[in-house]
Amino acid sequence: MKKYILISVSALFFYSCVQSKIFLYEVEGSEEFPNSSLTINKIKSEGSDFFFDFKIDNYELGSQTSKNFKYNLANSDKGQHIHFILNNGPYSAHYESSFTKKIEGDSNILLAFLSRSYHESVKNPNAYVIQQIGGGENIDLNQEFLFYSRPKGTYEGLDTEKLLLDFYLVNTELSPDGNKVRLTITQNGLIVHYTTLDRWVPYYIEGLEKGEVKIKLELINAEGNLVDTKFNPSERTIILK
């Protein structure tokens, strides 16, 4: 049965008389990778140029991910890859296990995780690494983190019909009685969808109109307050053509 999330009654006042036709469904049928793992073999720096060498087990970069659903999600024809996120900025996709990145400044937080070809993250506990880059202020990597992943950038044609919503959690879980993620979607200055998510699973958004869309994610506690942690909240602007 298709699982979907609708707006909560308490959020109705945000709609400003806008009749929303936006729906949020859980993605079901993705290939599981319970034994895959990602670790860092080496990080070498020369000035602002950083060389990264990752070790990957039980996961093949460059392969197309098999799935047990027929609808379309934007897919990379280059296959499975690593999502590389610095300070919760937009990720860069890497299809080889070794690459060089230019990184400025100190006290940067790196999150890297394995991604399916259609950009859904692998969420097993060994499929990611988090590390501080640079020798500045020490950052507590044991705090709770919410990292934004998808949607991202510009979508065209069939890819605009269903947008993957995916994020990455570190040192925290979601539950009906605990932490949650609050999602707010805005178009043309109006909130068109607003809900809270208590399951860390991938979702897809359906029903968005063409144009500019703003996606906001907030990690909140059981009382509905923002969790006091770096990079919270997260917000991105995407374009549908």
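The values are calculated or read from the model by the stated rules, or taken from the named source; none is laboratory data. Model, not experiment: these values are computed from the prediction. Because the Cβ atoms are built from the backbone with ideal geometry, glycine has one as well, and the counts that use them run over all protein chains shown.
Here is a yes/no grid of residues against (1) among the aromatic types (Phe, Trp, Tyr); (2) more than 14 Å from the chain's Cα centre (by Cα):
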position: Asn138; (1), (2): no, yes
position: Phe145; (1), (2): yes, no
position: Asp166; (1), (2): no, no
position: Glu173; (1), (2): no, yes
position: Arg182; (1), (2): no, no
position: Gly207; (1), (2): no, yes
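So, of the residues in segment 57-88 that are among the aromatic types (Phe, Trp, Tyr) and part of a loop (DSSP other than H, G, I, E, B), which turns out to be nearest to Phe113 (Cα to Cα)? Looking at residues that are among the aromatic types (Phe, Trp, Tyr) and part of a loop (DSSP other than H, G, I, E, B), I get Tyr59.
Residues in segment 223-233 that are within 20 Å of Asn142 (Cβ to Cβ) and of a type in the set (Gly, Ala, Ser): 0 in all. Checking each residue in segment 132-150 for being part of a loop (DSSP other than H, G, I, E, B) and either surrounded by 22 or more Cβ atoms within 10 Å (Cβ to Cβ) or modelled with pLDDT under 95 (or both) picks out Gly134, Gly135, Gly136, Glu137, Asn138, Ile139, Asp140. Counting residues in segment 74-89 that are charged (D, E, K, R), loosely packed, with under 14 Cβ neighbours inside 10 Å and in contact with a Ser or Thr (Cβ under 6 Å, 6 or more places away or on another chain) gives zero.
Within segment 170-198, the only residue that satisfies the criterion of being in a loop (DSSP other than H, G, I, E, B) and in contact with a Pro (Cβ under 9 Å, 6 or more places away or on another chain) is Asp198. Scanning segment 100-119 for residues that are under 22 Å from the mean Cα position of the chain (by Cα) and in a loop (DSSP other than H, G, I, E, B) returns Ile103, Ser107, Arg116, Ser117, Tyr118, His119.
Quick one: would you say Thr65 is of a type in the set (Val, Ile, Thr), surrounded by 12 or more Cβ atoms within 10 Å (Cβ to Cβ) and at pLDDT 95 or above? Answer is yes for this residue. Every listed requirement among (1) at pLDDT 95 or above; (2) in the same structural domain as Gly157 (by TED's automatic domain parsing) is met by Leu12 save one, (1).
Just one residue in the set Val129, Val201, Val213 is part of a strand (DSSP E or B) and not assigned by TED's automatic domain parsing to the domain that holds Ser63; that residue is Val213.
Determine whether segment 24-32 contains at least one residue that is of a type in the set (Ser, Thr, Tyr) and assigned to a strand (DSSP E or B). There is at least one residue in segment 24-32 that is of a type in the set (Ser, Thr, Tyr) and assigned to a strand (DSSP E or B).
Contact annotation: residue pairs with Cβ atoms under 9 Å, 6 or more positions apart or on different chains, pairing a residue in segment 134-158 that is of a type in the set (Val, Ile, Thr) with a partner that is exposed (fewer than 11 other Cβ atoms within 10 Å of the Cβ), are Thr154/Lys241.
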